[in-house]
Structure formats: C-alpha cells, structure tokens
Amino acid sequence: YTPQPRQLVAHMATTDEVMYGGAAGGGKSAFLRWDAVDFCANCPNLFAVIFRRKFPQLRHNHIEKLRREMPKELAEWNETNKYFTFRNGSLLVFQHMEDKNSMENVQGWDIHFAGVDEAGQFSGEMLAWIRSRMRLGDYDRKIREMAKANPRLEFYRQTLPRLAMASNPGGEGHHYL
C-alpha cells in the first residue's frame, strides 16, 4: 500500500477521530483498511474493528482485498471467525451492522480502533453506539508502558481509541456526521 497524498494526511492525523470523505473512487476504503492495519501492526494486542452496513460489502471492499494485499508475515486470516490475527497479537475484526438489532453484536466489546466505511449509511444512533464501545480499559496502561519503552509508539498512544470514518456525501447519517 502506497498512500495517496490525501490518504497520507489522514493517516498522520493526530486526532482520535478522522473523517475521510469525498466522491466515489477517492481511496476512502483503502485508507480505512490500511489505517487499521497500521495500528494493528504497530500496537501489540490491539483490538480493531472495521464496520460496514452489510457483510457482502465488507467481504468485497475489505476482506478480499486485504487477503490479497496483506503480507503473510504480518497477519493470518481466520475464515471461520472472519478476522486477521497479527503476529503481535492484534486482531482486525470485520463486523456488519445492518440494523438496530445488530448493534447488540458488539455489546460489551472494548474497541481500540474502529473503522466505519460508508459512515453516512449508518444512522446517528448506530454511530453513537460504535463510539460507546470505544474504550481502552487496561490497554491504556499497556500502551503507555510500551510507548515509554518505544517512543515511536507515542503517536498511537495519543490517538487511541481511534475512530476512522470514510464516507461519500449523503445517506441517513449525513447530518449526524
């Protein structure tokens, strides 16, 4: 993955929420999945989730592409559970949120990195629910210790938990966003 200039700016954002918007074909989904990979690869034992409204969209836009693009020495795909396990213990999970009932599928999760693809298609309630699952818990202490030992991790420590969103204009969540 070689980021385009706009993608690179988004990757380097020092905030814990990033919104990458624009018209179709601008690299939003690629930004989202590679931002998640970057955090997973650099932060041991991170729990990251990429959301999309429907599972076929996740499979086509993220899973299949990452299965081809992901270096095998970095992470291994688990077809049964639909996630990548990184060599450092991080997990990148793919979760659909089709309707209000499916919000319960992430109840109780401590999400360190959430990527929401086509965020405008999510209701404000769904986006707020995802935000409510974003917390570090004991990982906050761990990432602080890791950053002390490895100052390169300070950027990640300061931007976790991270919410990265990508969206075209419009959709039911447009005004919420």
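The values are calculated or read from the model by the stated rules, or taken from the named source; none is laboratory data. These numbers come from a predicted model, not from an experiment. Cβ sites come from the backbone with ideal geometry, for glycine too, and all protein chains shown count toward neighbours.
Applying the condition of being part of a loop (DSSP other than H, G, I, E, B) and modelled with pLDDT under 95 to segment 88-99 and asking which residue is farthest from K65 (Cα to Cα) yields D99. Out of T80, T85, one residue alone is within 23 Å of A41 (Cβ to Cβ) and not in a strand (DSSP E or B). It is T80. Among the residues of segment 14-30, is there at least one that is aromatic (F, W, Y) and buried (at least 22 other Cβ atoms within 10 Å of the Cβ)? The answer is yes; a qualifying residue exists. So which residues in segment 54-72 are surrounded by fewer than 19 Cβ atoms within 10 Å (Cβ to Cβ) and either of a type in the set (S, T, Y) or outside any helix (DSSP H, G or I) (or both), if there are any at all? Those that are surrounded by fewer than 19 Cβ atoms within 10 Å (Cβ to Cβ) and either of a type in the set (S, T, Y) or outside any helix (DSSP H, G or I) (or both): K54, P71, K72. Filtering segment 115-140 to residues that are of a type in the set (S, T, N, Q) and part of a helix (DSSP H, G or I) leaves Q121, S132. In segment 153-177, the residues that are in contact (Cβ under 8 Å) with a residue 12 or more places away in the chain and in a loop (DSSP other than H, G, I, E, B) reach residues that are basic (K, R) and surrounded by 19 or more Cβ atoms within 10 Å (Cβ to Cβ) with C-beta atoms within less than 9 angstrom, at least six apart or across chains, in these pairs: N168/K28. May I ask you to list the residues in segment 113-139 that are loosely packed, with under 14 Cβ neighbours inside 10 Å and either over 30 Å from G22 (Cα atoms) or of a type in the set (V, I, T) (or both)? Across segment 113-139, the qualifying residues are G137, D138.
Going by what's in this entry, would A75 be described as under 21 Å from T14 (Cβ atoms) and surrounded by 16 or more Cβ atoms within 10 Å (Cβ to Cβ)? No: the conditions fail for A75.
Considering only residues in segment 154-165 that are farther than 22 Å from K100 by Cβ and either over 18 Å from the mean Cα position of the chain (by Cα) or not basic (K, R) (or both), the one that is surrounded by the most Cβ atoms within 10 Å (Cβ to Cβ) turns out to be A164. For segment 141-150, the criterion of being farther than 23 Å from R6 by Cα, in contact (Cβ under 8 Å) with a residue 24 or more places away in the chain, touching an Asp or Glu at 6+ places or on another chain (Cβ under 8 Å) and not in a loop (DSSP other than H, G, I, E, B) is met by none of the residues.
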